[in-house]
Amino acid sequence: MIDVLRALHSGGRVYALIAPAIAGQWDGGIEWITGALLKIGFCAVKEVAHGADAVAKLEADEFIKRRRSGLPFMTTSCCSAYIQAARKVVPEIQPFVSSTPSPLQLTAKSIKEKDKDAVTVFIGPCIAKRREALDDVAADYYLTFTELDSILAASDLKTSSVMETDTPASINGRGFPLTGGVAAAVIANLPRGHDVRAISISGLNRAALRQLQSYAAGNCPAQLVEVMNCDGGCINGPAVVASPSQAKCRIESMLRQTQAECRAAEIK
Ligand code: SF4
């Protein structure tokens, strides 16, 4: 937090990269938090859901290539805690894990490519992502939602009505923090008529780890396996500020609204 506050006061161009789960954390959703972050001193706010959109496309391509090469199934790779668990606890699952970079990595990289002096601050729901950000050269700092909540309180912005928007990400990218959202986004990017059975592991407990071992041994009942460490997805990360049920409700309402806006734009 101190590093981020120093960067904000240094006069440099500091970008906030907001994880998709942020949409469920505070009343007012993405518009409100975007406005609040700009008010705090960030020069721009970028939805990591744009990176999630790119991930869904890349994972769909990778899925097709892997199936053609004879691999029976592929797991998603966007949950940092799962990636670490696969390395340390279930190494036999590694050949089946997608090699697509995470939404955080793609979003931070695209900002650094456009602005070489950019300072990037990823804001997310968990400490596993902090590890990932520390390992990523394009991500400079990391704040959890709970840390951001403290900054908002100190800035007296929790009661503010400031609203701003950036180019909104798609429904697919914004749906990543909910169980089933990543698999649905990958399937939406597969060619029409591509038949795929997907399952989700949500909550990486001992039983789930044993399940993954069994899949790697040849007993996977699906071709696409979404794996999220937290039960319910990133809305239940260890550093969130809203209850998972409230966050789910807010995100589902935003997704319905985005869908209605897309339909209205298509009719025009
Ligand atoms: S599922 Fe949990 S551990 Fe995995 S990225 Fe989301 S919040 Fe982090």
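Odds and ends about this structure:
- Restraint check, Lys57/Lys109; Lys46/Lys248; Lys109/Lys158; Lys158/Lys248, Cα-Cα greater than 23 Å: Lys109/Lys158
- Listed residues Ala260, Ser80, Val97: farthest to the positive end of the dipole of the chain (Cβ charges): Val97
- A convex hull fitted to the Cα coordinates of the chain yields 133 cubic angstrom per residue.
- Mean separation of Cα contacts under 8 Å, 6 or more apart, over the residue count of the range 2-267: relative contact order %: 27 percent
- Fluctuation leader among Gly51, Gly203, Gly12 - the chain, Gaussian network, Cα springs under 10 angstrom: Gly12
- Cα-centred dipole magnitude for the range 5-137, charges only on beta-carbon of K, R (+1) and D, E (-1), debye, nearest 20: 300 debye
- Those trypsin sites (Lys or Arg not before Pro) in the range 215-260 that DSSP places in a loop and that have at most 14 other beta carbons within 10 Å: none
- When you filter the trypsin sites (Lys or Arg not before Pro) in the range 122-157 for DSSP loop state and at most 16 other Cβ atoms inside 10 Å of their Cβ, nothing is left.
Read-outs: derived from the displayed coordinates by stated rules, not from any lab. Remember, it's a predicted structure, so these values are computed and weren't measured experimentally. Reconstructed Cβ throughout: ideal geometry from the backbone, glycine too, with neighbour counts over all protein chains shown.
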